[in-house]
1. Output the qualifying pairs, or none if there are none: Cβ atoms under 8 angstrom, residues six or more apart or on different chains, first residue in the stretch 181-198 and within 21 Å of Phe166 (Cβ to Cβ), second residue acidic (Asp, Glu) and open to solvent by 10 Å² or more (accessible area, probe 1.4 Å).
2. Any residue that is open to solvent by 20 Å² or more (accessible area, probe 1.4 Å), touching a Pro at 6+ places or on another chain (Cβ under 7 Å) and assigned to a strand (DSSP E or B) - is there at least one of those in the stretch 281-303?
3. In the stretch 344-375, which residues are more than 28 Å from the chain's Cα centre (by Cα), more than 19 Å from Leu411 (Cα to Cα) and in contact (Cβ under 8 Å) with a residue 40 or more places away in the chain?
4. What single numbered condition from (1) of a type in the set (S, T, N, Q); (2) closer than 18 Å to Leu242 by Cβ; (3) assigned to a helix (DSSP H, G or I) fails to hold for Thr91?
5. Hey, can you tell me all the residues within the stretch 163-177 that are open to solvent by 60 Å² or more (accessible area, probe 1.4 Å) and at pLDDT below 85?
6. Ala314 - would you say it is more than 24 Å from Gln356 (Cβ to Cβ) and in contact with a strand residue (DSSP E or B) (Cβ under 8 Å, 6 or more places away or on another chain)?
Amino acid sequence: MTAAAARRFARLAGPAGRALLVSAVVFWWGGVVAPSLISRALPDLLPSAAIPAELHPSGEGNLINTVSAAALAFLSLLALANVFAHRRRATGWAAVVGWAAVALASGVLAVEEVAELKLQGAALANLEELLLEANEAAELVTQGQVLDEGGWGNPSLWPWMLVPLFAAFFVVMAVFVSKGASAWTVRGPLVLGLAAWVFAVVQEIVGPFLFAGRASGLVDVLDETLEFSGTLSIALSAGLALQPADARPRLSRRRVLALAVGSAAVVAVLGGLCGAFLFRTPMIDTRAHTGAPGVFQLVLDDQMSAVQKLRAPAAPVGELWVWAYIEDRQGRPGRVLWRVMEDSVEGRILREGVVQVAASDHAAGYRLGFVHPLAWPEGGRLGLQLVAHLEADAQLRIRATKTDLYADGELWVNGAPTWPGQNLEFAAYGAPEPTLSKARALWGLVTSGWRWPVLILDAATALTLILVIPALLVASALPRRSRAADGDGRGGPSGVSG
């Protein structure tokens, strides 16, 4: 392609590419990221159920997968075009090999996304049905009340199996960035996109162990958005590399650094406000790790009751959560009357309410909210009672453990104690209001071990990346400024593409 032809192509393709880029940013960050984060922070304002299934990050075979596959396929085509362009320009083997690796990786990922879309049909449904039947055949009922489940899913092993391929790809990318992408305008978005991809892979590998099944909604939106934002950022780099150097937008180091610092500041400020006014400190959490042994279901028929005895934490309790579902062939929901009592079933009722539990084949979390936080002397004995109100032939199944994960608790069914070491899987959270007791509880949580500091750093890094990348994408799509007005515009030697 001659210089004149390249300029004509840039004039024609540039506006269309910028419009497509901005449209992708508006769709994903406006239709996926914003609703998901608002739903996590303010569930009363935007319940998760109100978000269309096509826009749920945790869904498979939905619109999000389609858009992601299209973006990866588009990146693969751009990278392949760069392979031929760099061979004609004779810019060196590093650029040719680097863009070829990007084309291959994004193409494979696009095919994998499309395969997921197709496998959501009868094949997966039949496989899931066979697995469910095998699981049901292996169920063991003990004392007519306890049903062993044998685990609630295992962390995905495929990322571990692909670690050598990931490592080889990123080694090639390191050489590509250092030797094959000489122009800063091309190298900046490429490095940011690869950083997002690396972080997405890290999330995929360590997420099940780091988060241990907690905050799964937040993990899903971070993971999917890191992948998508990385794809868009690398696509921006590939598109700019096809343009002549004098036709590219001026993405100076100063501008990128300002966007990064600003994004980190926004994350810090919003994170601090959410921690102060919205975050509910988990003070008791008896949930087992995903796939941990000793997880079972406590089965209650109509009018049966279970009492989980516990000790009051240091700070007031704002809400409790339990994980349960109704097993009913006709799909009818059931009601659960819950009470928090002083000491035991004979004690004074401190808080009570009713929650409707849906019929399903797996447990979901149910919030037992208090109108006013429950302040009780630390270490005082409390009892959480659950009474089933069900239709005929229905059963209430509540997640529980039998490995003594909560040493201060006891589990009773219909007024009789169960085996030692058994407890419901429940969580007690503090009130959201910024009080001194909340600050002490939050500090105690952060300093209780390595997990929470790592979780905070992980979430802050991911949020910063998924904020700075769309800002960079939109900035690159804005009308060009003059070189003099842009400040430090060092972009590599004129005529050298990335």
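1. Final answer for the pair search is Ala196/Glu227; Trp197/Glu227.
2. yes
3. Pro373, Leu374, Ala375
4. For Thr91, the exception is condition (3).
5. Scanning the stretch 163-177 gives Pro164, Leu165.
6. Values: more than 24 Å from Gln356 (Cβ to Cβ): yes; in contact with a strand residue (DSSP E or B) (Cβ under 8 Å, 6 or more places away or on another chain): yes.
Answer is yes for this residue.
Residue by residue, here is whether (1) farther than 29 Å from Val201 by Cβ; (2) modelled with pLDDT under 95 holds:
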| residue | (1), (2) |
| --- | --- |
| Ala245 | yes, yes |
| Leu257 | no, yes |
| Val261 | no, yes |
| Ala292 | no, yes |
| Ala324 | yes, no |
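Listed here are the residues, each with its yes/no results for (1) at positive phi; (2) touching a residue at least 60 places away in the same chain (Cβ under 8 Å); (3) crowded, with 19+ Cβ neighbours inside 10 Å.
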| site | (1), (2), (3) |
| --- | --- |
| Pro377 | no, yes, no |
| Glu391 | no, yes, no |
| Ala407 | no, no, no |
| Leu411 | no, yes, yes |
| Gly415 | yes, yes, no |
| Leu424 | no, yes, yes |
| Glu433 | no, yes, no |
| Ala439 | no, no, no |
| Thr447 | no, no, no |
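The values are calculated or read from the model by the stated rules, or taken from the named source; none is laboratory data. All values reported here derive from a predicted model rather than from experimental measurement. Positions of Cβ are backbone-derived with ideal geometry, glycine not excepted, and every protein chain shown enters the neighbour counts. For accessibility, only protein heavy atoms count, side chains too; no ligands or nucleic acids. Shrake-Rupley method; radii C 1.70, N 1.55, O 1.52, S 1.80 Å.
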